[in-house]
1. How about the range 76-123: which of its residues are at pLDDT 90 or above, in contact with a Lys or Arg (Cβ under 7 Å, 6 or more places away or on another chain) and among the hydrophobic types (A, V, I, L, M, F, W, C)?
2. Output the number of residues of the range 119-168 satisfying the condition of being over 14 Å from V4 (Cβ atoms), polar (S, T, N, Q) and surrounded by fewer than 19 Cβ atoms within 10 Å (Cβ to Cβ).
3. Just to be sure, is A140 assigned to a loop (DSSP other than H, G, I, E, B), of a type in the set (G, A, S), modelled with pLDDT under 95 and not assigned by TED's automatic domain parsing to the domain that holds G9?
4. Could you tell me how many of the residues in the range 118-157 are in contact (Cβ under 8 Å) with a residue 60 or more places away in the chain and of a type in the set (V, I, T)?
5. If I ask for residues that are surrounded by fewer than 14 Cβ atoms within 10 Å (Cβ to Cβ) and aliphatic (A, V, I, L, M), which ones from the range 13-43 would you list?
6. Please state which one of I68, I169, I147, I163 is over 30 Å from K45 (Cβ atoms) and β-branched (V, I, T).
7. Among G100, G89, which is the only one that is within 20 Å of T156 (Cα to Cα) and either of a type outside the set (S, T, Y) or touching a residue at least 40 places away in the same chain (Cβ under 8 Å) (or both)?
Amino acid sequence: MAQVVFLRGVNVGGSKTFQPSVVARKLKALDLVNVGAAGTFVARKAISTSALRAELIRTLPVECEIMICSGAELIKVADAAVFKDQEPGPDIVRFVSVLGKRPQKLPPLPRDFPEDAWVLRLIAVQDRFVFGVYRRQMQAIGYLNQIEKVFKAPTTSRNWNTISKVIGILRAEK
């Protein structure tokens with residue numbers, strides 16, 4: 001099955017910028033599909049996680065954290081329908097944060113940031129994936145950074161729309 005790559009801290013605010021399409025072209029032997037500009041890829045050719053990581057490190061023009069999960073893990077997450085009661089709206093965004101490692105201990109959920117009038121709400125955790133929603137406000141970006149502190153692990157977050165595109169690519173592969 002395919003593997004999904006999430007790069008952490010690239011193409012954000014003008015730092016660690018690169019062109020994901022160029023990386024995908026350079027790694028065409030892996031049948032690497034670029035999904036958006038935030039450093040999300042699907043490697044459709046069978047390859048070990050360590051070999052994929054090595055190829056990415058060799059090819060990427062910037063240093064960054066690389067989080068890799070199997071396509072099967074991500075499909076399982078999508079099938080859990082965590083967002084079934086969380087409809088998006090013009091001011092509400094659904095997201096998934098990928099943890100660098102599985103958490104040892106889960107915090108009580110839901111968890112709001114800030115607690116008194118939420119801008120970001122964590123609603124569920126499944127394996128290495130944290131699900132949440134945030135209001136379209138500039139403060140939300142700062143609260144996304146709090147997820148690392150809560151779970152004591154590096155994280156990178158993607159809009160649910162991006163995750164849905166990745167799921168579509170994975171399901172088309174079967």
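The values are calculated or read from the model by the stated rules, or taken from the named source; none is laboratory data. Values in this document were obtained by computation on a predicted structure and should not be read as measured data. Cβ atoms come from the backbone with ideal geometry, glycine included; neighbour counts cover every protein chain shown.
1. I92, V93, F95, V96, V98, L99, V119, L122
2. Result for the range 119-168: 7.
3. Working: assigned to a loop (DSSP other than H, G, I, E, B): no; of a type in the set (G, A, S): yes; modelled with pLDDT under 95: yes; not assigned by TED's automatic domain parsing to the domain that holds G9: yes.
In short, no.
4. Within the range 118-157, residues that are in contact (Cβ under 8 Å) with a residue 60 or more places away in the chain and of a type in the set (V, I, T) number 2.
5. V22, A29, listed by residue number.
6. On the way: I68 fails: over 30 Å from K45 (Cβ atoms); I169 fails: over 30 Å from K45 (Cβ atoms); I163 fails: over 30 Å from K45 (Cβ atoms).
From the options I68, I169, I147, I163, the qualifying one is I147.
7. Numbers: G89 fails: within 20 Å of T156 (Cα to Cα).
Step by step, each of G100, G89 is checked, and only G100 is within 20 Å of T156 (Cα to Cα) and either of a type outside the set (S, T, Y) or touching a residue at least 40 places away in the same chain (Cβ under 8 Å) (or both).
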